[in-house]
Amino acid sequence: YMEEAQELSDRIAIMDNGKIIALGTHDELVKMVGEFDRIDLRINAESARVMKAWKGTKGVEKITAEDGEITLLVDDSNTVLPRLFESAAKADVRIGSVQIEEPNLEAVFLHLTGRALRD
């Protein structure tokens, strides 16, 4: 039901054990718990070289790599992604695919309560 709340509501209250533990817009709740956008990229180059090039990029909080896929946690994918593309082009790295996952209310609930939603 969190997807519906996220899509249909202007303000959202997160409740746990009958008490409101957070109240605000989707963006306010996400910022409150410090969640990041996640970017998954498939690349054609050595991960270590790309990670080194992207490590100092403004807005990048964390980079991990596994099997030709790099995962970045970023402040705002809309501002960071163009920087990553520019840096990749300079390093002659071809990006094969990009997937962006923005924080959702379920992640916020999990962070605030320490447990997943009950059905």
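Looking at (1) within 22 Å of F85 (Cβ to Cβ); (2) out of contact with any strand residue (DSSP E or B) (no Cβ under 7 Å at 6 or more places or on another chain); (3) of a type in the set (D, E), which is the one condition that is false for E28?
For E28, the failing item is (1).
Taking the criterion of being farther than 27 Å from E4 by Cα and not assigned by TED's automatic domain parsing to the domain that holds H26, would at least one residue in the range 96-113 satisfy it?
yes
Within the range 1-19, which residues are surrounded by 15 or more Cβ atoms within 10 Å (Cβ to Cβ) and in a strand (DSSP E or B)?
Matches in the range 1-19: I12, I14.
For the subset of the range 86-117 comprising residues that are among the charged types (D, E, K, R) and within 30 Å of N17 (Cα to Cα), which member is modelled with the lowest pLDDT?
So, considering only residues that are among the charged types (D, E, K, R) and within 30 Å of N17 (Cα to Cα), the one modelled with the lowest pLDDT is R115.
The values are calculated or read from the model by the stated rules, or taken from the named source; none is laboratory data. Every value quoted in this text rests on a predicted model; they were computed, and no experiment measured them. As a convention, Cβ positions derive from the backbone with ideal geometry for all residues, glycine included, and neighbour counts pool all protein chains shown.
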